[in-house]
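**Q** Structure provided below as C-alpha cells; questions to follow.
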Amino acid sequence: RDADRRSAADVGDDVWTAHSTASTDPDGKLPWTGLIGDNVHAVKVQGDRVWFGSTESLWDAKNRKYVDGGLSVFEGGAWTSRTVENTGGGTGGLRDGSVSSLALGCDGTLWVGTGSPWDALGAGGDVLTPGASVHQRTQDTWKAHSYATLASNNTTGIAVDCAAGQVWVSAAHHMSVPDGTSPGGNL
C-alpha cells in the first residue's frame, strides 16, 4: 500500500492505494510482471524509484515450483519484475526467488538479500547494477555473494555504511533436519 498524505497534519484526508500481484500485472494473471509476490518482505525507496522484495509463497503443485517471489521495481508509473528465470538465475542474475532484504549501495547498486523464514534456505546476497533504464532487465549486471564469504545463505538484513566503506549482512542460522544434518553450511 502507498498513501497520498495530502495534508501531513490530518490523516483523515489520506488516500491509500493497494498494490498486489494481480493489480500491477497488465492481464491480472500469472506469470506476474509487476509486483512479483504479495508476500513482500523488503521495500527500498531510491528517489522516485521503489524496489520491492517478495518471498516465495505461492506453490504450483502440478509443476512443483513456486510461481511468485523475487524483485520488483516501480518507477515512472510502470512496474518491472525480476525473477530467477527472467534474469539468468544462478548463471548471472537473481539466484533465489525469496528476497528478504534490500539495501542501496553507495554507487547506485541495489544489494538484494535472499532467504526464507520458512525453510532457512537462500542464495546469499546479489548486487544489482541496473542499466540506463530500470525497466530493461537485459541492461542489468549482477554480482553474487554466497556462504563462502557470508555467515549463511539465508540473509535476513543488509545495511550499507558508505562512510566506512562497509556492507553489513545478517543471516539466520541454517536449520537442522531431523537426521542432524544441515541443508546449508555450519556456523
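**Q** Go through region 82-131 and give me each residue that's closer than 12 Å to THR55 by Cα and touching a Ser or Thr at 6+ places or on another chain (Cβ under 7 Å).
**A** Selection gives ASP96, GLY97, SER98, VAL99, SER100, SER101, GLY113, THR114, GLY115, SER116, GLY122.
**Q** Is it the case that region 121-129 has a residue that's surrounded by fewer than 21 Cβ atoms within 10 Å (Cβ to Cβ), in a loop (DSSP other than H, G, I, E, B) and out of contact with any helix residue (DSSP H, G or I) (no Cβ under 7 Å at 6 or more places or on another chain)?
**A** Yes - at least one qualifying residue is present in region 121-129.
**Q** Which numbered condition in (1) over 17 Å from the mean Cα position of the chain (by Cα); (2) without any contact (Cβ under 8 Å) to a residue 40 or more places away in the chain; (3) open to solvent by 40 Å² or more (accessible area, probe 1.4 Å); (4) closer than 23 Å to PHE74 by Cα is the only one that THR149 fails?
**A** That leaves (4) as the condition not met.
Residues checked against (1) in contact with a strand residue (DSSP E or B) (Cβ under 7 Å, 6 or more places away or on another chain); (2) aliphatic (A, V, I, L, M):
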site	(1), (2)
THR83	yes, no
GLY97	yes, no
LEU102	yes, yes
ASP107	no, no
THR114	yes, no
TRP118	no, no
GLY131	no, no
HIS145	yes, no
THR149	no, no
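**Q** Right, another one. Could you say whether any residue in region 15-26 is free of Cβ contacts under 8 Å to residues at least 12 places away in the same chain, touching an Asp or Glu at 6+ places or on another chain (Cβ under 9 Å) and open to solvent by 60 Å² or more (accessible area, probe 1.4 Å)?
**A** Looking through region 15-26, none of the residues is free of Cβ contacts under 8 Å to residues at least 12 places away in the same chain, touching an Asp or Glu at 6+ places or on another chain (Cβ under 9 Å) and open to solvent by 60 Å² or more (accessible area, probe 1.4 Å).
**Q** While we're here: Of the residues GLY89, GLY34, only one is at pLDDT below 95 and within 14 Å of the chain's Cα centre (by Cα); which?
**A** From the options GLY89, GLY34, the qualifying one is GLY89.
A quick yes/no check of all residues on (1) within 14 Å of the chain's Cα centre (by Cα); (2) open to solvent by 10 Å² or more (accessible area, probe 1.4 Å); (3) at pLDDT 95 or above:
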{"position": "LYS62", "(1), (2), (3)": "no, yes, yes"}
{"position": "VAL73", "(1), (2), (3)": "yes, no, yes"}
{"position": "GLY76", "(1), (2), (3)": "no, yes, yes"}
{"position": "THR83", "(1), (2), (3)": "yes, yes, yes"}
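**Q** Right, next: Please verify whether region 29-49 includes one or more residues that are among the hydroxyl-bearing types (Ser, Thr, Tyr), open to solvent by less than 60 Å² (accessible area, probe 1.4 Å) and touching a residue at least 24 places away in the same chain (Cβ under 8 Å).
**A** No, region 29-49 contains no residue that is among the hydroxyl-bearing types (Ser, Thr, Tyr), open to solvent by less than 60 Å² (accessible area, probe 1.4 Å) and touching a residue at least 24 places away in the same chain (Cβ under 8 Å).
**Q** Evaluate the following for GLY53: is it assigned to a strand (DSSP E or B), crowded, with 17+ Cβ neighbours inside 10 Å and either over 13 Å from the mean Cα position of the chain (by Cα) or not hydrophobic (A, V, I, L, M, F, W, C) (or both)?
**A** For GLY53, the condition - assigned to a strand (DSSP E or B), crowded, with 17+ Cβ neighbours inside 10 Å and either over 13 Å from the mean Cα position of the chain (by Cα) or not hydrophobic (A, V, I, L, M, F, W, C) (or both) - is met.
**Q** Taking only region 92-115 into account, find how many residues are open to solvent by 10 Å² or more (accessible area, probe 1.4 Å), part of a loop (DSSP other than H, G, I, E, B) and hydrophobic (A, V, I, L, M, F, W, C).
**A** Looking only at that region, the number is 1.
The values are calculated or read from the model by the stated rules, or taken from the named source; none is laboratory data. This structure is a prediction, so every number in the text was calculated from the model and none was measured. Please note: Cβ atoms are built from the backbone with ideal geometry, for glycine as well, and neighbour counts cover all protein chains shown. Protein only, heavy atoms only, side chains kept; ligands, DNA and RNA dropped before computing areas. Shrake-Rupley method; radii C 1.70, N 1.55, O 1.52, S 1.80 Å.
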